[in-house]
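Presented below is the structure to which this report refers.
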Amino acid sequence: MFSNNDEAVINKKLPKELLLRIFSFLDVVTLCRCAQVSRAWNVLALDGSNWQRIDLFDFQRDIEGRVVENISKRCGGFLRKLSLRGCLGVGDNALRTFAQNCRNIEVLNLNGCTKITDATCTSLSKFCSKLRHLDLASCTSITNLSLKALSEGCPLLEQLNISWCDQVTKDGIQALVRGCGGLKALFLKGCTQLEDEALKYIGAHCPELVTLNLQTCLQITDDGLITICRGCHKLQSLCASGCSNITDAILNALGQNCPRLRILEVARCSQLTDVGFTTLARNCHELEKMDLEECVQITDSTLIQLSIHCPRLQVLSLSHCELITDDGIRHLGNGACAHDRLEVIELDNCPLITDASLEHLKSCHSLERIELYDCQQITRAGIKRLR
């Protein structure tokens, strides 16, 4: 049936349209193998309609610019989604050819493609007006010029990741948001030059924003984040871990303006206190994930408020929150989220936690992981009983 003869039974019995439909479910490697079976299968397997979504991450070490150029010529306008994550050999020239040939691209992942520069974003701006998701994380040659180009040529952009592009400043953010007001997700992790002024531009121009990551943007203060809260009422996920200048004013602003908040990561924000988390918990009832690692001022009072007001809580990190005691865990274990929601709780380096906390967590039937590193009062017997 699978002979090299194009008149093989399978080719006679099945219409080409049906074979093409079957091929559409195959991965890149299998399609290439099918292309070697016969002339007829070569045509079908390499049909552009089968190459709408391509992920070359598994082959990243072998991918060079010419491979991307050949793929773009083969796929043309069919290609909608391409991941070149980690393909260190791909540069601006290959991506210019790609942009010229694949003008219907909607999702492009260039995370870790360290050879690319602003020239790539200029090409995308010129040819790829339908681009919606773009990942440029760790492309450290990217500057404000890229954001200006994207603003001018990619008005449909909804998600942009420029984490660790540390040459970007407030001027680039200002240019970006003026042309891409429909942004829903913005990842700025490690963009260390960003100041509050950049956040004020986002708050003023991106009312659809749902996800914002500002991890280790060390210059950010309350002023900038409060502007985000007031302008982005649809915000569901905020990461401000490492932004050590922020205070309870941020938690109050989130509580007053962002009732849909589901994910809050504020690790190493040591100025946050029970007062702020009380306001947050009483107003943001959809919270599912909270990273409070090294929020060293919080006590059992925060856990009491979360247990009462946040029935959807699934993941909670309290590592290095050294004032937490068994009583706080008791309230959490009796809370609305305990029985069928809470999946992960991290209690590393909480010195006041004892085996009593493990007893309180027995009611958490959905619990998948609990971390207890350096909890000196936890015993093997207590862990065994919990298991």
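Taking the Kirkwood radius as Rh and the Cα radius of gyration as Rg, region 262-386 has a ratio of Rg/Rh equal to 0.93. Judged by the ratio a/c of the largest to the smallest principal axis of the C-alpha gyration tensor, region 1-50 counts as oblate, that ratio being 1.5 or greater while a/b is no larger than b/c. Bridgeable aspartates and glutamates around K362 (alpha carbons under 16 Å apart, same-chain partners fewer than 8 residues away excluded): D326, D327, D340, E343, E346, E371. Taking 26 Å as the straight-line reach from the Cα of K73, the lysines in range (excluding those fewer than 8 positions away in the same chain) are K16, K81, K115, K126, K130. Peptides 349-355, 74-80 ranked from most to least packed, by the mean per-residue count of other Cβ atoms within 10 Å: 349-355, 74-80. The alpha carbon radius of gyration of the chain, expressed as a multiple of 2.2 N^0.38 Å, is 1.20. Need the list of aspartates and glutamates near K189 for cross-linking: C-alpha distance under 15 angstrom, and skip anything on the same chain fewer than eight residues off. Qualifying aspartates and glutamates at Cα under 15 Å: D135, D166, E265. The stretch between F78 and V43, if pulled fully straight at 0.36 nm per residue, gains 11.1 nm over its current Cα-Cα span.
Expressed as a whole percent, the accessible area of region 1-50 that falls on carbon and sulfur atoms is 58 (1.4 Å probe). Given in Å, the Rg to one decimal and the Dmax to the nearest whole number for the Cα atoms of region 187-263 are 10.9, 30.
Per residue, the solvent-accessible area of the chain (1.4 Å probe, heavy atoms of protein chains only, all protein chains present) comes to 45 Å².
Within the accessible surface of region 262-386, defined with a 1.4 Å probe on protein heavy atoms only, the carbon and sulfur portion equals 45 percent.
Comparing region 90-182 with the 2.2 N^0.38 Å rule of thumb, its C-alpha radius of gyration ratio is 0.94 (two decimals). Its DSSP H runs of at least 4 residues, each contributing -39,500 (n - 2.57), put the calculated 222 nm mean residue ellipticity of the chain at -10500 deg cm²/dmol, to the nearest 500.
FRET efficiency for V28 and T114, Cβ-Cβ distance as r, R0 = 35 Å, nearest 0.05? The calculated FRET efficiency here is 0.90.
The values are calculated or read from the model by the stated rules, or taken from the named source; none is laboratory data. Model, not experiment: these values are computed from the prediction. When we count neighbours, we look across all protein chains shown, and the Cβ atoms used for this are built from the backbone with ideal geometry, even at glycine. Surface accessibility is based on the protein's heavy atoms, side chains included, excluding ligands, DNA and RNA. Shrake-Rupley method; radii C 1.70, N 1.55, O 1.52, S 1.80 Å.
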